[in-house]
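*Asks:* First, the structure itself, so that you have it in front of you.
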Amino acid sequence: MFKNTRLSAVLAAVLFSVTAASALVSAPAFADAPAAAAPAAAAPAAAAPADAAAAPAADAAAAAPAAEGAAPAAAAGETKEEVHNPYGFQAMWEEGDFVNKGTIIILSLMSMGSWYIIITKLIDQSKIMRQSKEVSQKFWKANSIAAGSAALKEGSPFRFIAETGTKATQHHDGALLEQIDLSTWVTMQVQRAVDRVQSRLQDGLSFLATVGSTSPFIGLFGTVWGIYNALVNIGMSGNASIDKVAGPVGEALIMTAFGLFVAVPAVLGYNWLVRRNKSAMEDVRSFSADVHSVLVSGAMNTSEAARAATSAKKIG
């Protein structure tokens, strides 16, 4: 019924997830460190008192401005150098246990799956909305339902509904089917086709809802596990200073942030896709109702003509 490739959606989802993970891993830590000029400036300043004790008063007065001028030069020479951050996403992955790595893998798969579904559903919805405009330009200007169906693209849901209705009028035979009124039979077949289109559009939305509701708790589980390991290590080392507590606990909170990073796009994407599905299905239902009316009226006219011809033959 729908024909589209999933390769572009897969590549987009993987690229987005890898980019986000790289941004988390490559966050550098900077520290202010004085340059080599600072010690060089400090040496004359330290030697100034010894020289001032032995030198005349004029020399001490001349050394004072020199020491004052060295201080701004030392301040201007300060630069920022990159230092290794022992806590972070990369350190968590390299030094974490199987629980931490398993949590990261699960959340990464959830993120890639969410973006894959969001992209593919947007492609399907865009195709339906674009094909809805083609219906008014091609289908309704044809001489018959069959000719209008042939004018639509292969794999179009509108063509699928029209062909299903046409087949329903042509194959209303058999001992059991003849007990059903033709109008009721066509209505049933067209409605089934519409339900199949709607089911196809809703594929994957349950996954987005599951990711949006569970990924924050998976991230929270990773945070709790990380804090537990941090407290155990602190207790074993016997050192409860701020650097030993804040670093591991802050690192464990990354899992909660990662869970929210996965959940928010899934929830927003779910709500957006549901709203777009309603708009697309309105066009599909309107088309199916019009096709049903044309098919039923045409089939009834054909039946009445056939009965009239049969009666004429009997009279003749």
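The values are calculated or read from the model by the stated rules, or taken from the named source; none is laboratory data. From a predicted model like this one, the values you see are computed outputs, not experimental measurements. The area values use the complete protein model at the heavy-atom level, side chains included, leaving out ligands, DNA and RNA. Shrake-Rupley method; radii C 1.70, N 1.55, O 1.52, S 1.80 Å.
*Asks:* Using a probe of 1.4 angstrom, how much of the accessible area of region 120-240 is carbon and sulfur, in percent? Present the calculation step by step, with values, prior to reporting the outcome.
*Replies:* Values: 3750 of 6550 Å².
That share works out to 57 percent.
*Asks:* Leaving ligands, DNA and RNA out of it, rank 217, 207 by accessible area with a 1.4 Å probe, largest first. Don't skip to the end; give the middle numbers.
*Replies:* Values: 217 140, 207 80 Å².
My answer, sorted largest first, is 217, 207.
*Asks:* If you don't mind, another one. What is the spread of the Cα atoms of region 213-285 along each of their three principal axes, largest first, in whole Å?
*Replies:* Principal-axis extents of the Cα atoms in region 213-285, largest first: 70, 16, 7 Å.
*Asks:* Are any of the pairs 133/278; 121/167; 101/121; 133/153; 141/278; 121/278 more than 23 Å apart by Cα-Cα distance, and if so, which?
*Replies:* Violating the 23 Å Cα-Cα cut-off are 121/167; 101/121; 141/278.
*Asks:* For region 136-294, take N as its residue count and report Rg(C-alpha) divided by 2.2 N^0.38 Å. Mind showing how you got there, number by number?
*Replies:* Numbers: Rg = 28.1 Å, N = 159, 2.2 N^0.38 = 15.1 Å.
After normalising by residue count via 2.2 N^0.38 Å, the value is 1.86.
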